[in-house]
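Shown next, in structure tokens, is the structure this report addresses.
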Amino acid sequence: MKKILVTGGAGFVGAHLCKRLLQDKNNYVICVDNLYTGRLSNLESIINNPRFEFVNHNIIQPLDIPVEEIYNLACPASPPHYQKYPTYTTKTCVIGIINMLELATKYHAKIMQFSTSEVYGDPFVHPQVESYRGNVNPIGIRSCYDEGKRVAETLCFDYNREFGTRIKVIRIFNTYGPLMDPNDGRVVSNLILQALKDEDITLYGDGTQTRSFCYVDDLIEGIVRMMSSRDDFLGPINLGNPSEFTIKSLAEIILEMTNSKSILTYCPLPSDDPLQRKPDISLAKKELDGWEPRIPLREGLKPTIEYFSKI
Ligand code: UDP
């Protein structure tokens, strides 16, 4: 049985990943989460699986469990959540990855770091390629997350160079789907919930900023392929959907799909909010057997709207 550790396994992406890993009968999955933003309800369908274990633990504290693979997702990820306790966010990124890299090194486990498109900041290069070094404010309200995730990448590569630790680094772009936290404050969850209740739609700024939205199943497929890619392929690699939408057009699609009477309202744009974001996924296609997202936005929004309409 392969023992796999998933930190942040009770979060939106983490729970989908745990479920996917459990589909392989040779996998034993240990989910570590301190439930700061993760939710036990995300694990309802797997909590009683004999090959699944939940451990309530904060990765800022060291952990010693013999495992063969580590997926390090633990970190608040939506802007309102990671900005609420910014020093905690940076500690989770930096001390958390040090603890997980120590664990990986001790047991010669493979470790995957869940990095983010935020490492590109408000990008001057569009679409973003992995070789682009980014335009990140080191002292702004997003910095606790952006810089924390950048240092985490640095630590992965330095552990690899100094100690031979087996690393993989992925950079995830905006992802959506069922199990998203309704209180996350993210654009997809906010807009769907507002549309379903016929409440005002809150567009930040003029709504012309862009994002590229990946359905969670497509992301999980990329993650699994990355973990089993050749040993000397470390990344970083972009995983996301390159179809780019303005936030206003996302709102219009959601209004149409929910038959909503909501109206668009305009709120101040938060500082350092990136104006545009779209992944270049050529490297992922090349290294991950032609991987690319298969589910277009409207198709992925259907089960997502259904999920939010039931909670
Ligand atoms: N946004 C918005 N209304 C909302 C929530 C977010 O217009 O109710 C905007 C936000 O300013 C950003 C984009 O939608 O430009 C995506 O925000 P999100 O928080 O989902 O993720 P980000 O990509 O900024 O980390």
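Between 0 and 90 degrees, the angle of helix 216-227 with respect to the longest Cα principal axis of the chain falls at about 20 degrees.
For the peptides 191-198, 22-29, residues were scored by their other Cβ atoms within 10 Å and the scores averaged per peptide; the highest-first order is 191-198, 22-29. Counting Lys +1, Arg +1, Asp -1, Glu -1, what net charge surrounds Ile46 among other residues with beta carbon under 12 Å of its beta carbon? Charge balance in the 12 Å sphere: +1. What angle, in degrees between 0 and 90 and rounded to the nearest 10, separates the Cα long axis of helix 247-258 from the longest principal axis of the Cα atoms of the chain? On a 0 to 90 degree scale, this one is about 80. Bridge orientation summary for the chain: considering DSSP beta bridges with both residues in this region, about 10 percent are antiparallel.
Ignoring any ligand, DNA or RNA, what whole percent of the accessible area of the chain comes from carbon and sulfur when the probe is 1.4 angstrom? Working shown, then result.
Working: 6920 of 13330 Å².
Here carbon and sulfur together make up 52 percent of the probe-accessible area.
For the pair the range 39-69 / the range 153-190, the C-alpha centres are spaced 18 Å from each other. Solvent-accessible surface of protein heavy atoms, probed at 1.4 angstrom with all chains present, puts Ser143, Ser243, Ser45 in the order Ser45, Ser243, Ser143, largest first.
Determine Rg/Rh for the chain; Rg is computed over alpha-carbon atoms and Rh is the Kirkwood hydrodynamic estimate from the same atoms. Across the chain, the Cα-based Rg/Rh ratio is 0.95. Amide hydrogen proximity for Ile167: with H placed 1.01 Å from N in the peptide plane, the residues at 5 or more positions away or on another chain lying under 5 Å are Ile111. Calculate how steeply helix 143-163 sits against the longest principal axis of the alpha-carbon atoms of the chain, using the helix alpha-carbon long axis, and give the answer as 0 to 90 degrees to the nearest 10. Long axis of 143-163 versus the principal axis of the chain: about 20 degrees. Take the Cα coordinates of the range 102-171, assign each an equal point scatterer, and use the Debye formula without solvent to give log10 I(q)/I(0) at q = 0.12, 0.24 Å⁻¹. Those come out to -0.36, -1.01, one per q.
Computed over protein heavy atoms with a 1.4 Å probe, the accessible surface of the chain works out to 43 Å² per residue.
Place a +1 charge on the Cβ of each Lys and Arg in the chain and a -1 charge on the Cβ of each Asp and Glu, then give the dipole magnitude about the Cα centre in debye, rounded to the nearest 20.
Working: 34 positive and 38 negative charges, 92 e Å.
Here the chain has a charge dipole of around 440 debye.
Ranking Ser282, Asn241, Leu269 by Cα position along the charge dipole of the range 240-286, where only Lys, Arg, Asp and Glu carry charges on their C-beta atoms, puts Ser282 farthest toward the positive end.
Ranked by the mean number of other Cβ atoms within 10 Å of their residues, highest first, the peptides 7-13, 305-311 come out as 7-13, 305-311.
The values are calculated or read from the model by the stated rules, or taken from the named source; none is laboratory data. Every value quoted in this text rests on a predicted model; they were computed, and no experiment measured them. Ideal geometry is used to build each Cβ from the backbone, glycine not excepted, and the neighbour counts take in all protein chains shown. Heads up: the accessible areas ignore ligands, DNA and RNA and are worked out on the full protein's heavy atoms, side chains in. Shrake-Rupley method; radii C 1.70, N 1.55, O 1.52, S 1.80 Å.
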